[in-house]
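The structure appears below as structure tokens.
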Amino acid sequence: MKLLLALFCLSGFLTTAQITPAVLTGQSVNPSNSLEKETQAALKEMQAAALKDGIKIEVASGYRSFNRQRQIWNGKYSKYEAQGLTPDAIFDKIVEYSTVPGTSRHHWGTDMDLIDGNAKYSGSVLVTDKFHGDGPFCKLKDWMDQHSTEYGFELVYTMNNNRTGFEYEPWHYSYAPVSKKYLEQYLNQIDFVKFLRSQNIMGMDDISDARLERYYKEHIQGINAALLLEKE
Ligand SMILES: [Zn+2]
């Protein structure tokens, strides 16, 4: 029994120790762009259960690398810069809908945007209306509201007026047992402002410390309380 306990502690320690800054910021090698292992296994289980109810859970967007996110960021930054906006104003604009490279939960492989492959739809998929009312993904949303927690998955950017940061996203789910650990490590390990200023991300030499620190608090930690660490 003692040995078993020791093994459990050791494996817990190893899992925690393995989350390196490179993994936390999407800079680790992930040639197949795959989801985190435990997340993938839990998703498979949830997909099988949903399929019995006629819902085909599909990942529209899963793992996303730092380089990909930086590409998106720099593209938007150039556009707004050409329109004459100040660095802090450009920052405000971009973070309405996009994350700062190195801060996306998609970097972790624990988070994903989900749609229903059995639904008939056209045009862009990640649109709030499509998940509500008689939208094509409302069956998926209802099913997830009822069952996702059983499988460890939680909505991240909930519809909650007290939540700060990103807009409501009815499609973005996180595998809580793993992503809670990642968030803890992220907050403990990453020297946020210093990191952002060292990564060739457009605007990072000009955006104020105060604006970056506000993003750290309001956006990175402005998530569903079920995904935050319990306060001691
Ligand atoms: Zn997402």
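Things worth noting here:
- Estimated from helical segments only, the mean residue ellipticity of the chain at 222 nm is -12500 deg cm²/dmol, where each DSSP H run of four or more residues counts as -39500 (n - 2.57).
- Exposure proxy shown here: for Met112, Met204, Met159, the number of other Cβ atoms within 10 Å sets the order, fewest to most, as Met159, Met204, Met112.
- Highest average packing first - 117-125, 91-99, 209-217, Cβ atoms within 10 Å: 91-99, 209-217, 117-125
- Short-range pairs are left out: with C-alpha atoms under 8 Å and at least six residues apart, the relative contact order of the stretch 32-227 is 25 percent.
- Alpha-carbon gyration tensor eigenvalues x 5, square-rooted, for the stretch 60-176, Å: 28, 16, 14
- Distances between every pair of Cα atoms in the chain, grouped in 10 Å steps from 0 to the bin holding the largest one, split as 7, 30, 35, 21, 7, 1, 0 percent.
Read the figures in this text as sums done on the coordinates, not as results from a lab. Not measured: the values here are computed from a predicted model. Note: ideal-geometry Cβ built from the backbone for every residue, glycine included; neighbour counts use all protein chains shown.
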